[in-house]
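Heads up: the structure comes next, in structure tokens.
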Amino acid sequence: MLRFSIITICLLLSFTACTKKEAPVARKASAVAAENAPAPDITVTSVADGRTLRLSDLKGKVVMLNFWATWCPPCREEIPSMIKLNSMMAGKPFQMVAISIDEGGKPDIESFFKKTGFSLPTYQDESGASTKSYGITGVPETFIVDKQGVLVKKIIGGFTWDSLEAIAFFEGLLK
């Protein structure tokens, strides 16, 4: 666990996240997700089938919330490792929720997946409530929620999700 934390800190210092040039949104610090606290409940819509998903409905599963965009180079770079992680976790109480912040919505996301051949369990939040609840400042930003619904880790920037350390971290949360 300590090794994963050290690696995470080093990666956080070496990666930057993509940001759009917009005015920052003012928000109260207490309203934003924090590690070791209950994860804010959000509702998102599946790009694949239009069904809604509430984070609170996933209690009992380890959840990886990943905020991303098709135009973000670090996001595109981490997608292959996310696909591998999702495959490795198949059949386990694990749920990946990739939330696109693309302004072009479903057409941009579908075009990106068609062009790249990638496939992720992708969702949208057209209201922007999820990005506000989690205090997103750029993409990619990832939040790991344990089976009890507690936010245990926040990672800013791209990450290699199929690394041995990441797999060990998720396996530990599944116990």
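Quick one: would you say Ser5 is at pLDDT below 90, loosely packed, with under 10 Cβ neighbours inside 10 Å and over 22 Å from Lys106 (Cβ atoms)? Against the criterion (at pLDDT below 90, loosely packed, with under 10 Cβ neighbours inside 10 Å and over 22 Å from Lys106 (Cβ atoms)), Ser5 does not qualify.
Based on what the data block shows, is Phe169 assigned to a helix (DSSP H, G or I), surrounded by 16 or more Cβ atoms within 10 Å (Cβ to Cβ) and touching a helix residue (DSSP H, G or I) at 6+ places or on another chain (Cβ under 6 Å)? Against the criterion (assigned to a helix (DSSP H, G or I), surrounded by 16 or more Cβ atoms within 10 Å (Cβ to Cβ) and touching a helix residue (DSSP H, G or I) at 6+ places or on another chain (Cβ under 6 Å)), Phe169 qualifies. Within the stretch 95-115, residues that are at positive phi sit with their Cβ atoms under 9 Å from residues that are surrounded by fewer than 15 Cβ atoms within 10 Å (Cβ to Cβ), at 6+ positions apart or across chains, in these pairs: Gly105/Glu126. Residues in the stretch 120-175 that are of a type in the set (S, T, N, Q) and at pLDDT 95 or above: Thr122, Gln124, Ser130, Thr131, Ser133, Thr142, Gln148, Thr160, Ser163.
Of the residues making up the stretch 42-59, those that are over 11 Å from Val145 (Cα atoms), not basic (Lys, Arg) and not in a strand (DSSP E or B) are Ile42, Val47, Ala48, Asp49, Gly50, Asp57.
Here the condition is being basic (Lys, Arg) and either free of Cβ contacts under 8 Å to residues at least 60 places away in the same chain or surrounded by fewer than 17 Cβ atoms within 10 Å (Cβ to Cβ) (or both); of Lys175, Lys154, it holds for Lys175 alone.
The values are calculated or read from the model by the stated rules, or taken from the named source; none is laboratory data. Remember, it's a predicted structure, so these values are computed and weren't measured experimentally. Quick reminder, even Gly has a Cβ in these numbers, built from the backbone with ideal geometry, and neighbours come from all protein chains shown.
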